[in-house]
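To start, the structure itself, in C-alpha cells.
The values are calculated or read from the model by the stated rules, or taken from the named source; none is laboratory data. A quick note: this is a predicted structure, and the numbers were derived from the prediction, not measured. Using ideal geometry, Cβ is built from the backbone for each residue, glycine included, and neighbour counts are taken over all protein chains shown. Keep in mind that these areas ignore ligands, DNA and RNA; they rest on the heavy atoms of the full protein, side chains included. Shrake-Rupley method; radii C 1.70, N 1.55, O 1.52, S 1.80 Å.
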Amino acid sequence: MRKIYILFAALAILNTADAQYSVSTYAGTGAAGLINGTLTTAQFTNSFGICRDNSGTIYIADNGNNCIRKITTAGIVSTYAGSATAGYIDGNATTALFNNPTGVCADDSGNVYVADFLNQRIRKINTSGIVSTIAGSGVSGYNDGIGIAAQFNYPRGICIDHNYNIYVGDSWNHRIRKITLNGNVTTYAGGGMSIGVGSIGAYIDAADTTARFYTPCGVAVNDSGNVFVADAYNHRIREINTSRVVTTVIGSGATGVGMGGYGNGPALSALLNVPTELFVDSAGNIYIGDTFNNRVRKMNNMSGMVINMAGNGTAGFVNGIDTLAEFNFPRGIIADNNGIVYVVDYNNNRVRMIAPFNAGTNDLYHNNSINFYPNPASSTIAIHQSTPSTNQQLLITNILGEEIYHQPINNSTQITIDISQWSNGVYFYQIRNDKETLQGKFVVEK
C-alpha cells in the first residue's frame, strides 16, 4: 500500500511553527564586484556578516571588497564605509580603510560595529559616518586590556547587547571576548593554551574560562543577555548564559576539522557541519548558516526541533522551493519581524531571501482553502478547493524538476489523482493561473 503525506502551502497555514519556504535572490547579480545601485544591479564579493538596525536598514560586511555595504528599506545598495582598497585608516567613512571585515552589528542608537578580520581590530562607525578603533592593537595575539592594548586573533563574529556590551567570536584564540562601553576587553568564555591559525581547540561545556571552543565564529545575543555562539569546528551552537556558564544547545557527534555531519531532529541530536553564523529572533528561534552543509537550518524554540529551512546540500545556485534551492557557503543570517530570512551566500556573491510561500502577497488564494487528502492515502489523492478560479493549471514535478503530472483544473472544486504507480519520494505541485502561482510539496511513501 502506498501512502501520501502532505505539507500544505495554503495561506491559511503559513503561520504554523515551520511553514514551507521559498528561496529567491534579494540582492546581487552573482558576479563578483563592487557596484552600488538597485538590488538587481548591485555587486558584492564574498560577503560574510549581515545585520539589521532598528529602522530596517541592512548592513553587510563585504569581505572581499574590504568595505561595509548598506541596503536601505527602499532597496538601494551603497558603500557605507571603506573602499575596495585593503588597509587600515580611521576617520571619515569615505576615506576609512578595512581589511577583510567579517562581522557586523548595530546598536540601538544606530552605530555600526565591525570585526575587522585581517586588521585584528574592532571598529565603530558612528551615526555621523566617522570610523574609529575601539579595541585591538593590529597585531594578532591574545591579550586582555583597554582599547588598543588588547589583542585578537582573527576576530570573526560580533554582536552587541542593550547595555552596549560587545561580544566577539575571537576565532583563533578559541574564545569569546567582551568589550565594555569604556573599551575594556576581557575574556568572557573559553580558554586553553592552544591559539593561533590552525591551532586545535577543544569542546568542554563549563563555566567561563574553563569552557572550551574550537574556532568560534558568529555570535548573537538575545534580549535576556544570553550569548549564542556558532562554534565552527565543534559543529555546534553553544550558549553562554548571564552567569557565563557555557552549554550546548544544538549539535552532537564528533568534533574537529572534517568531522561535521548533517541530520535534523531534536536539537541535541542534530548534526551540523562548520556553522559560521547564526541569528536568534525574539521568540528564541535560532537560524544557522550551516556553511559546509550548504544549507540554512533552524531550531524551533517551542518544539526544540532542528529543521532544514533551505538548501539541498549541493554547492550551487538555484532559487526555488526550500530543499530544491542551492547555496554555496551560506554565512551571515538575519530574520525580520515578518519571518523573512536574509542569508549572505558567500561564494554566490548574493544576499538570498527565504520566505514562507505567498507571505502577504497572494491575493488570488487569500480566501482559498486548498487541501490534499486523505492523509495518509492508499492509491489516490484528492485536491479540494473551496473557491477555485478560471484558467488554472495543476503541475506536479519530482525532486529533479521532471514533470510527472499536468492537468487543467478550471473552476474545479475537487479532482482525484491516481498515485498507485508513483515512486516513493518528494513531489512538488504548482496550482497557477495567468496571475499567480501557489506552490507546495508532498511525499509519496509505501
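See the values below:
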| quantity | calculated |
| --- | --- |
| Paramagnetic label zone (point 7 Å from Cα along Cα-to-C-beta, Thr390; backbone N under 15 Å) in the range 407-425 | 409-412 |
| Table column - 3J(HN,Hα) (Hz), the range 326-336, Karplus curve with 6.51, -1.76, 1.60, x for Gly and Pro | 10, 10, 9, 6, x, 10, x, 8, 9, 10, 8 |
| Derived scalar couplings ³J(HN,Hα) [the range 132-145; Karplus, 6.51 cos²θ - 1.76 cosθ + 1.60; whole Hz; x for Gly, Pro] | 9, 9, 9, 6, x, 7, x, 10, 5, x, 9, 7, 7, x |
| The range 269-334 - Debye-derived log10 I(q)/I(0), Cα point model, q = 0.13, 0.15, 0.27 Å⁻¹ | -0.31, -0.42, -1.17 |
| Semi-axis lengths (Å, descending) of the ellipsoid that matches the C-alpha gyration tensor of the range 113-187 | 17, 13, 11 |
| Projected label distance in nm at Asn337 and Met302, using a 7 Å step from Cα toward the beta-carbon | 2.0 |
| Estimated dipole of the range 164-284 in Debye, rounded to 20 [Cβ of Lys and Arg +1, of Asp and Glu -1, Cα centre] | 260 |
| Net charge, Pro275 excluded, C-beta distance under 14 Å - Lys, Arg +1, Asp, Glu -1 | +3 |
| The range 285-348-the range 77-138 distance, computed between alpha-carbon centres (Å) | 27 |
| Label-point separation in nm, Ser128 to Ala31, each point 7 Å along Cα→Cβ | 3.9 |
| Percent accessible area from carbon and sulfur atoms, the chain, protein chains only, probe 1.4 Å | 50 |
| Accessible surface, the chain, averaged per residue in Å² (probe 1.4 Å) | 38 |
| Fraction of alpha-carbon pairs over 15 Å apart in the range 47-107 - percent | 46 |
| (1) 64, 47, 44; (2) 111, 42, 39; (3) 72, 45, 33, with the label sought being that of the calculated Cα extents along the principal axes in Å | (3) |
| Estimated translational D of the range 14-138 in µm²/s (Stokes, Kirkwood radius over Cα pairs; 4 °C; 1.567 mPa s) | 87 |
| Reachable aspartates and glutamates, given that their alpha-carbon falls under 13 Å from the alpha-carbon of Lys124 and they are not under 8 places away in the same chain | Asp90, Asp107, Asp116 |
